[in-house]
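Just below is one structure, and these are the notes that go with it.
Readers should treat all values here as calculations from the given coordinates under stated rules, not as data from a laboratory. Computed from a predicted structure; not experimentally measured. All Cβ positions, even for glycine, are placed from backbone atoms using ideal geometry, and neighbour counts span all protein chains on display.
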Amino acid sequence: MKKTIFLSLIIVLSFVACNEKNDVDTQKPQIDMTIDGASPLNCQTIYYGEPFKFKALFKDNDALGSYSIGLHNNFDNHSHTTEINECAHDAIKDAVNPFIFSKEYMIDKDKKESLVEFEMCFDKGNDKGNFDDGDYHFFISLTDKNGWSQKKGLSIKLLHR
Amino acid sequence: MNRIFMLFMSINLFVSSLYAQDISSLSGRVIDKQNKPLIGACLLLTPSDKGAITDADGRFNITNIKKGKYALEVSFVGYEQQTKQIYIDKKISLEVQMKQQILCLHEVVVTYEHSKKREREESLNIEIINKDFLKQNIGGSLMKSIERLPGISTIDVGSGQSKPMIRGMSFNRVVVLENGVKHEGQQWGADHGLEIDQFAVNCLEVIKGPASLRYGSDAVGGVVNIENYKYCADNTFGGEVNLTTKTNNALYGGSLSLYGRKKWFYFDARMTWLDYGDYCVPTDSVSVYSFKIPLHKRRLRNTAGNEKDFRVTLGYIGDKFTDKFFVSSINSEAGFFANAHGIEPVNVDDDVYDASRRDILEPKQKVNHLKILNHAKWEIDNLSLVSDLGFQRNLRQEHSPYVSHGYMPPLFPENLGYEENLERLFDKYVSSANFYADLKCGEKLFLSSGVNFEYQKNNIDGRDFMIPSFWQVTLGVYFIGRYVLDEHNSFQAGLRYDYGKIHTDDYYDWFPSIDETTNTEVYLQRSEELNREFSNLSWSLGYNYFVDKLSLKANLGKSFRMPIAKELSANGINYHHFSYEVGDKNLSPEVSYQLDLGIDFLTEKFGVGISPFINYFTNYIYLNPTSEHDSQYGNGNQIFEYKESEVLRYGGEFYAKYMVLPTLECGVVGEFVYSEQMTGDKKGFSLPFSPPASLLFNAKYKRHLCSLIRNFYVQVDYRLTASQKNIVPPEEITDGYQTFNIGLGCDFEFNKQTINLSMMLQNVLDTKYFNHTSFYRLINVPEAGRNFVVNLLIPFKIKK
C-alpha cells in the first residue's frame, strides 16, 4: 500500500517536473563585444566633440528587439562593470554639469543577428558650460522580441581635449 | 488521553455497578445548540465517582446511584463545561444542552471538532492552523511560517518581508483578513511585506480558491483569514512571555502578552519587539545581471531590520451581544540589499556597509501600520448579526541616497517639501464597514447575507514616481444559501454584486526634461487624471458530501478583481530590478472562473486527500516585459507594460498521512500548479512567479516523556522541489532542490512553571538553492543558509 503511494507520488512528480514547454523562447539575446574592432571597450577614454565608433554584435535565437545606450557619471564610483577587468577610477567628486545620454535604437524586425556600427559624437557642453570630465558608465541594454534582455556595463572616461 | 479517560470511566462504571445497592439512576442526552447529539461527551457525578460517556445518539445512562444531592459535570472538547446541581431519587431523565466554547486559544488550541465543522461547511478547500503550528514552524515572517501548508508559498524580499501566495496567486489576488477586516497595505509591491505580528496570531485559516463571494473582489486567488482575539474564563488574569532567537540573521526578539477577564469584560494586550541583522546566504558572491558582487562573510549587505508592535483588545461578552474593540500598531524598518537598488547594480562603500551587521543604512524601508477595529455580534434566536468597522493607516517610506538619473539635476534642489533621501512615500487611509447577517431557517436551510464597504485614499510623496495618488470606493452585496439535504449531502449557492470606483490624480515631474524635437525644457506628465467605474456580478455553486470517513467537495464559481492604481497608472522605475513599469488606463476588471474539487479519506490511523482545481481567466492582468527601452528617466531601462491575456491554470495538492505507531506519524504533502497564457504577447508562456512542484515528506514523533517533560516532539521535514522551467522574461530557469528541516520541542516544568520550548534547524545542510517565487531570485540571490531557531513560551497566571 505504502509502496504504491510512494511510487505514484514519484510518477506524479516526474510528470510534473518534465512538463515543460518547448515551443516558447527561453533564451536571452547576446551582446558580443569580442568581435574585431568592438567599441567602446572597458576603460577606454572618449573625448567630447570627437567622433568615436560604436561597434557591437547583437545575436538572438529568435528575433532581436531593440537596444539602448545610456551614459551617466560615475564620479562617486557607484557603478561597476560587467567586465572582469576593473579600471582605475579618478578620485570621488561632486557633479557640476555632468554629461547625460540615453537613447533607444530599433533593430529591424525579425533579425537574429545584427552587427551595429556607427559613429557617435558627444557635445562639449551645453548652455551651462562645459560638461564635467571624469569617470562615466557606458551602459548597453539589448532586448529580443519576447522581452528577454541582456545588459552590459562599461567603465569609460569622458574628457575634453 | 481521551481514550485512557474513557477506559478509566468504563472500568469505573463497571466496578460501581457491581457494588451499588440503591436503585436510583440518571439518564439523558447531551446535545448542542442545534439540538444535535454530542458523541463522546463526559459526565461526572460528584461526590460519587460515577460517570458516563455519551453514545452515538448523545445518550448516557448512569445507574445504581445512591439517593442524594449531586453535582453533575458535563464536558466536551470545544464546548463550555457545565455543572448542574441535581437531587437524585428514582429515575431521573435530563437533557443537557452544551454551548460551544469560545476558544481560549493559548490554552486550548483550535479543536479538531471546530476545524472539522468548518471544513464541512465550506465547499472550497481550506487549511486551518493554530498557534502550536506557528510555534513549531516559525519562519522569518507570518507568511513564511505557513509556507509548509499545501498550496501555499510566499513572495519574499529578504528575511523579514513576505506576502502570501496561494496556488501561484499573490499580490492583490489574495485577501488577508485580520479579525474580519481586510488588511490594506501596499500589496502591489513585491518588496512590501505584510504588516502583521506573527506572535499575536491565534488561529489562521487559508481558503484556497476564489472566495470573492464573501470577501470581495481581491479574493480571486484565495483568502488568508487571521484571528487573534483571545477569550478566557471568568476571573482569570495572566499572560505569556515569548522569547525567540535565530542564528542566520542574528535575530533576537520577544513578545509579552497580558490578558484578563472579569465577568463580561476582558482585555488582551501584546507588545512585540524584534531586531535582526543581515542574513546569510551560502555563497561568497552574487551575480546581479552579470555584475559580480562579493559578499562580506556571506551576508547579504544591509538586510537588517527591526519590528516593534503593540496591540490592545478590549471586549465585552454578553449573553446575546459581544463586542471587541481592537487597536494595533505595527512598526518596522528594514534595509534593502544595498548593491541591487537603483537604476542598475551599484558599488557601495563596503567599509561603511560591512562595518556593522545590525545597522540599517539606505536603501531602506520604514512602515507604520495603525489599525482600529470594532467587531460587534448580536445573537437573537436563529439570527446572528455582525458588524465589523475598521480604520487603517499604512505609512510606507523608502529612503535611498539621491542619485541623479535621466534629466534630474545633479544636485538635489532645496525646498521641494521633502528630504533629499526620500525616494518614495505612500500614505494610505482606509475605512471599511462590513455587515453580515446569518439566519437559520429550520434545520436544513442556512442563509447569510452581507454588505462590504471600503474607502481608500493613498497619498504619495518623495522624489521618484511610481504610482499616482488615488482614492477608491468599493461596495459589495452578497447572499449565500446553504441547504442541508440530509446528513450526507449539502449544497451551497451564492450571488454577489460589486461596484467600484477609482480616481487617480495627475502627476508632473518636479524637474524639467529636454524635449528632443523642440529642444526646450518641459515638465513631463507621468500620469493623467483618471476616473474608472467597475461593476460585476459573481456567483458560486458548491456541493459537499460526507459519509463516515469519506468526504467530497466541489465548487464552481465566477469571481472578479478590479484593476488597481498601479496596473492603471504606473509610470516609473522599479528600483529593485532595474525596469521601467507602465500601466494601462484601459484595463478591464479581471474575470475568473474556477472549478475546485476536494476528496478526503480519513480514518484514525490513515488519511489521504487530493484537491485539484482548474481555473480560467478571461483577462489576467500581468506585467509584460516588452522589447522597448525607456530613454527618459534612467540609463535605458527595459519597459514593462501591464497587459491582459487569457490564462488557463490548473493544479492541486494532495496529502497522505499514516500513524505508524501511536507516537509516530509520517506524511507527505505535494503541490503543483501549471499556468499558461492563451493569448497576447506572451502566448504560450507561463505567469511570473509560478511556484514549482514540490513534495514535503514529514515524520513526527511525539510522546509524553515524563511528568516533567510533556508533549515532546521531534519532526523532520524533507522538501523536494522540482525545477521551474516554465518561465517568462525576465525570469531564469530555477533548478530543483532538496532541503531538510528538523524540529524539536516540549513543555517542561521549571520551578513549578510550565515552559514551552520549540527549536528548529532550517536548511540543515546549508544548501545553496534558489526559490523561484522569491523576489531576490530575479537578481540571483540564493535563499538563506542554515538557521537555528529557538522559541521559548512562558505562560503565567496572575490570578485564577
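A compact table of results
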| quantity | calculated |
| --- | --- |
| Rg(Cα)/(2.2 N^0.38 Å) for the protein assembly as shown, N = residue count | 1.05 |
| Cα-derived Rg over Rh, computed across chain B with Rh taken as Kirkwood radius | 1.00 |
| Largest-first principal axis extents, alpha carbons of region B:141-294, Å | 66, 41, 26 |
| Helix-only [θ]222 nm of the protein assembly as shown, DSSP H runs n ≥ 4, -39500 (n - 2.57) each, per residue, nearest 500 | -2000 deg cm²/dmol |
| D_trans [Stokes-Einstein, Kirkwood Rh over alpha-carbon pairs] for region A:23-159, 37 °C, 0.692 mPa s, µm² s⁻¹ | 207 µm²/s |
| Isotropically averaged projected area of region B:676-800, using the convex hull of Cα atoms (one quarter of hull area), nm² | 11.8 nm² |
| Dipole of the protein assembly as shown, positive end: most advanced residue of A:PHE58, B:HIS192, A:PHE99 [Cβ charges, Cα centre] | B:HIS192 |
| Separation between Cα centres of region B:218-281 and region B:681-716, rounded to whole Å | 22 Å |
| Test item: Cα-centred dipole of chain B, Lys/Arg +1 and Asp/Glu -1 on Cβ, debye | 4080 debye |
| Residues B:PHE796, B:PHE291, B:PHE479, B:PHE76 arranged by fewest to most Cβ contacts within 10 Å | B:PHE796, B:PHE479, B:PHE291, B:PHE76 |
| About the Cα centre, charge dipole magnitude for region A:23-159 (Lys/Arg +1, Asp/Glu -1 at Cβ), debye | 80 debye |
| Spatial extent of region B:112-223: Rg and Dmax, with the Cα atoms as the point set, Å | 13.2, 38 |
| Net +/- balance of residues flanking B:PRO691 in space, Cβ distance below 9 Å, scoring K and R +1, D and E -1 | 0 |
| Relative contact order computed over chain A (Cα-Cα under 8 Å; 6+ residues apart), in percent | 34 percent |
| Between 0 and 90°, nearest 10: helix B:112-121 axis offset from chain B longest Cα axis | 70 degrees |
| Relative contact order %, chain B, counting alpha carbon pairs below 8 Å whose residues are six or more apart | 9 percent |
| Dipole of chain B, positive direction: furthest Cα of B:ALA334, B:LEU204, B:LEU45, with charges on the beta-carbon | B:LEU45 |
| Within the protein assembly as shown: Cβ-based charge dipole about Cα centre, in debye rounded to nearest 20 (Lys, Arg +1; Asp, Glu -1) | 5240 debye |
| Over 19 Å between alpha carbons, listed pairs B:LYS163/B:LYS683; B:LYS208/B:LYS553; B:LYS84/B:LYS320; A:LYS28/B:LYS683 | B:LYS163/B:LYS683; B:LYS84/B:LYS320 |
| Farthest toward positive dipole pole in the protein assembly as shown [+1 Lys/Arg, -1 Asp/Glu at C-beta], among B:ASN544, B:SER75, A:TYR67 | B:SER75 |
| Computed P(r) (all Cα pairs; region B:281-338; 5 Å bins; percent) | 4, 14, 14, 12, 9, 8, 8, 7, 7, 6, 5, 4, 3, 0 |
| Cα→Cβ-extended label distance, 7 Å offset, between B:SER588 and B:PHE321, nm | 4.8 nm |
